[in-house]
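Here, each number is a calculation from the coordinates, and none is a lab measurement. Values in this document were obtained by computation on a predicted structure and should not be read as measured data. Because the Cβ atoms are built from the backbone with ideal geometry, glycine has one as well, and the counts that use them run over all protein chains shown.
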Amino acid sequence: MKRLLYELTESFRIAFAQIRANKLRSVLTALGVIIGIVAVTLMGTAIRGIDTGFNKSLAMLGDDVLYVQKWPWGGVEDWWNYANRPPIRPEDADKLNHIIEQTPNSLLEVAVPVSTRGNSVKAGENKVSGVFTIGTTADYGRLISADFSEGRLFNDTEAAGGRPVCVLGFDVAEALFQNRSSIDQTVMIGGHPFTVIGVVAKQGSFLGLFSFDNQAILPLEAFRKYFSVRRGAEIRVKITDKTRVADAREELTGAMRRVRAQLPGERDNFNINEQGAFKAQLDPIKQGIALAGLFITGLSLFVGAIGIMNITFVSVKERTKEIGTRKALGARRRTILLQFLIEAVSICLIGGFVGLGLTYGLVLAVGAAFPAIPVEFSVSLVFISMAVSILTGIISGFAPAWGASRLDPVVALRYE
Amino acid sequence: MIPSQVPAAGRLTRPAGPLVIDIAGVTKLYEMGEETIHALRGVSVQIHRNEYLAIMGPSGSGKSTLMNMLGCLDTPTAGRYEFNGKSVASMIDDELADIRNREIGFVFQTFNLLPRSTALANVELPLIYAGYAPAERRARAIHALENVGLGSRLHHKPNELSGGQRQRVAIARALVNSPSIILADEPTGNLDSKTGVEIMALFEQLYEQGNTLIVVTHEEDIARHARRIVRLRDGLIESDGSVY
Ligand SMILES: Nc1ncnc2c1ncn2[C@@H]1O[C@H](COP(=O)(O)OP(=O)(O)OP(=O)(O)O)[C@@H](O)[C@H]1O
Ligand SMILES: [Mg+2]
């Protein structure tokens, strides 16, 4: 056991002496590994970044909110089974809240009606088109986690009275009023005047597709007064315990069937959507991207590994006589095998460290230059890339090291 | 039998100790494509502890082949080989490596030092393979180097040493693990005659200290230092006798 330890120390000493003695060659070989490690770790940070981005976006939907809608998220093939469903009515939310109040220990907290449409919003000369306009009740405040950068949400009285007030998304407010305060300003939404009473703080976009900051929130009664709700609404239901989503969902299904007066055995004529189901749809896509990315970057690491294998073969060839001498002095096969494996692993580890450093720098640079790109450097990445480096060294060094350990000492000693 | 030269008067000859090497009817064949080369055709020899033996013969007579066999670097094609009473023919690779490490000290014509290691590190090498701790390794290696007169050259690399000094480092390396025998294949072959004489004087000293030496050479002057000469010709022992 001790002997192995001494042999290992000796092997590391030789490996580093060897690398020092052949600086240029070692640097060039390590370069292959460096490029491979940089590619793989960058891809790793990108994948993590995408993952965080996905999760952030999903969190915007709320992990404690169920969406009662006509259609399921993610599209369906048998669309004709859904098209004839009755639309969701804002009044259904009142009925749901009534049922929730009467249910002891209900897993549902509150049902909030939400009607939506696209509108243009104007203030003086400034205009923003395609603003996502929401008509809802004061309970909407209980659904969203976002803070207000200015002002507040309308209260129950304002909502019930259908007062012409509105809350703007951050980007809308900024486009209309730049650095000035938006509070008490009048804006024209879909051609009707509204007084701004609040601005929601910046939230970002959902998967880069849909901006949560490009919206305007109005009292439902005001929304109804000016805009059609014939297309139907949706009802968002906040649940009390996010660890019991399935149970809450079941309770909500029952409540909704009562609201709709559906007969037993009849299929639900509505859908309950939630963030988790969305995630289930996105995950395979995410994994596909990750696999393809890692495979492509893995190829560059593979090229680096071939470089290591090549250089180890050269090293064995050059030092054939030395191997013979060592064997004559009592080196076992294992000793020679370890010596060359450690040499290969050492180069890979050096390459790995340098590559990791480069990745770290690149991630910092990208993060500083493009804050919108979600890149993330993690400690686990350090361990993974070290493990990958070591593994690369072992795999690529094995064939030449094995060959060296099997050399016939007499033949090796004769080698010129 | 070729008459041996009369040695210098008053030379010490130590009494032979127990049997170390016992080979009988050893042959070695090399297959070279169609051709089979008989490097050894049936060699029998017994070597005891405390002997100083020279192996002589013309080029190609099989001296190095026999030496590699004796040194457990190679195994015979046929025949019996017992080292310290144990049959070597049946040993696996690692067992042979251990015998080479503990029982045999090699001295090569081309020195075979590790070029980037110091004299001290070169001499420590067999001790690493033997599993000695660093402190003891160092102490033993320094002692061995002092014994060959290189106490002041511990940290020199081979390219900072003369040929004779390099061979002394190699001899220190061969001695450091206190082997049963020291095998030297043409140890003076790469040295000028004056340095060669110095190396042979060192061998004489080692012999008197109680080491067992086998030296391969084709120079009569060198062989005359030994107490016994085995002469090979075409893979066979031509003569085997004492030097008076
Ligand atoms: N690995 C080998 N493959 C084929 N033939 C070999 C091999 N090693 C030795 N021989 C042959 O065996 C014979 C004996 O070789 P060996 O090296 O033992 O001679 P030697 O007595 O040491 O000669 P020299 O004085 O030139 O060193 C020679 O004919 C040589 O060509
Ligand atoms: Mg020879």
Once both axes come from the Cα atoms, what is the angle between helix B:163-175 and the longest principal axis of chain B, in degrees from 0 to 90, rounded to 10? 80 degrees
Set the Förster distance to 60 Å, then compute FRET efficiency between A:LYS127 and A:VAL314 from the Cβ-Cβ distance, nearest 0.05. 0.30
List the lysines whose alpha-carbon lies under 29 Å from that of A:LYS95, not counting same-chain residues fewer than 8 positions away? A:LYS70, A:LYS225, A:LYS238, A:LYS242
For residues of B:36-43, the mean tally of beta carbons on other chains within 10 Å: 0
Pairs of alpha-carbon atoms within less than 8 angstrom and 6+ residues apart define the contacts here; what relative contact order does segment A:86-269 have, in percent? 31 percent
Note to self, chain A gives a 222 nm [θ] from helices alone (DSSP H runs n ≥ 4, -39500 (n - 2.57) apiece, / all residues, nearest 500) of -19000 deg cm²/dmol
Quick one: Karplus J couplings for segment A:171-187, per residue in order, coefficients 6.51, -1.76, 1.60, θ = phi - 60°, nearest Hz, x for Gly and Pro? 5, 5, 4, 5, 5, 7, 10, 6, 8, 6, 5, 8, 4, 6, 7, 9, 10
In whole Hz, what ³J(HN,Hα) sequence does segment A:247-263 give by Karplus (6.51, -1.76, 1.60; θ = phi - 60°), x for Gly and Pro? 5, 4, 4, 5, 4, 5, 4, x, 4, 5, 5, 5, 4, 7, 6, 7, 7
Take every residue in peptide B:158-169, count the Cβ atoms of other chains within 10 Å of its Cβ, and give the average of those counts. 0
In terms of the charge dipole of chain B, which places +1 on Lys and Arg and -1 on Asp and Glu at the beta carbon, the residue among B:ASN147, B:MET56, B:ILE222 farthest towards the positive end is B:ASN147
Treating the angle as unsigned and between 0 and 90°, give the value, to the nearest 10°, between the Cα long axis of helix B:119-130 and the longest Cα principal axis of chain B. 60 degrees
Phi-derived 3J(HN,Hα) across segment A:102-115 with the Karplus relation (6.51, -1.76, 1.60, θ = phi - 60°), rounded Hz, x for Gly and Pro, is 7, 8, x, 6, 5, 7, 9, 9, 7, 10, 10, x, 9, 9
Loop only by DSSP, 11 or fewer other Cβ within 10 Å of the Cβ. Give me the trypsin sites (Lys or Arg not before Pro) in segment A:255-343 that pass, ordered by residue number. A:ARG267
With Cα coordinates, the longest principal axis of chain A makes an angle with the long axis of helix A:2-21, in degrees rounded to 10, of 90 degrees
For B:LEU12, project a label point 7 Å along Cα to C-beta. Then give me every residue of segment B:206-244 with its amide nitrogen under 12 Å of that point. B:206-211
Find which of A:SER129, A:GLN69, A:VAL112 sits farthest along the positive direction of the dipole of segment A:69-142, computed with +1 on the beta-carbon of Lys and Arg, -1 on that of Asp and Glu, about the Cα centre. A:SER129
Positive-end extreme of charge dipole, the protein assembly as shown - chosen from A:VAL411, A:THR297, A:GLY49 (charges on Cβ): A:VAL411
Taking the Cα centre of segment A:147-194 as origin and charging only Cβ (+1 Lys, Arg; -1 Asp, Glu), how large is the dipole, in debye to the nearest 20? 160 debye
Toy charge model, Lys and Arg Cβ at +1, Asp and Glu Cβ at -1: segment A:150-227 dipole around Cα centroid in debye, rounded to 20, equals 120 debye
Mind running the shape call on segment A:281-404? Use the C-alpha gyration tensor, a ≥ b ≥ c as the square roots of the eigenvalues: rounded below 1.5 for a/c, prolate if a/b tops b/c, oblate otherwise. prolate
Nearest 500 deg cm²/dmol is fine: what mean residue ellipticity at 222 nm does chain B get from its DSSP H runs of n ≥ 4 alone, each adding -39,500 (n - 2.57), divided by its residue count? -9500 deg cm²/dmol
If the cut-off is a Cα-Cα distance under 19 Å, which aspartates and glutamates reach A:LYS2, setting aside same-chain residues fewer than 8 apart in sequence? A:GLU10, B:ASP94, B:GLU95, B:ASP98, B:GLU124, B:GLU136
Take the Cβ-Cβ distance between A:SER181 and A:THR243 as r, set R0 to 51 Å, and report the resulting FRET efficiency rounded to the nearest 0.05. 0.80
The protein assembly as shown: C-alpha gyration tensor shape, a/c 1.5 cut-off, then a/b vs b/c: prolate
Can you compute the modelled spin-label distance between B:HIS218 and A:SER106, with each label point 7 Å from Cα toward Cβ, in nm? 10.9 nm
Theoretical gain in end-to-end length, A:ILE285 to A:LEU5 [0.36 nm per residue, Cα-Cα removed]: 96.0 nm
Distance in nm between pseudo-label sites at A:GLU250 and A:ALA365 (7 Å out along the Cβ direction from Cα): 5.6 nm
Can you tell me the FRET efficiency between A:ASN81 and A:THR157 if r is taken as the Cβ-Cβ distance and R0 is 56 Å, rounded to the nearest 0.05? 0.85
Hey, how many Å between the Cα centroid of segment A:132-156 and the Cα centroid of segment B:51-88? 97 Å
With charges only on Cβ, +1 for K and R and -1 for D and E, what is the dipole size of segment A:86-269 about its Cα centre, in debye, rounded to 20? 500 debye
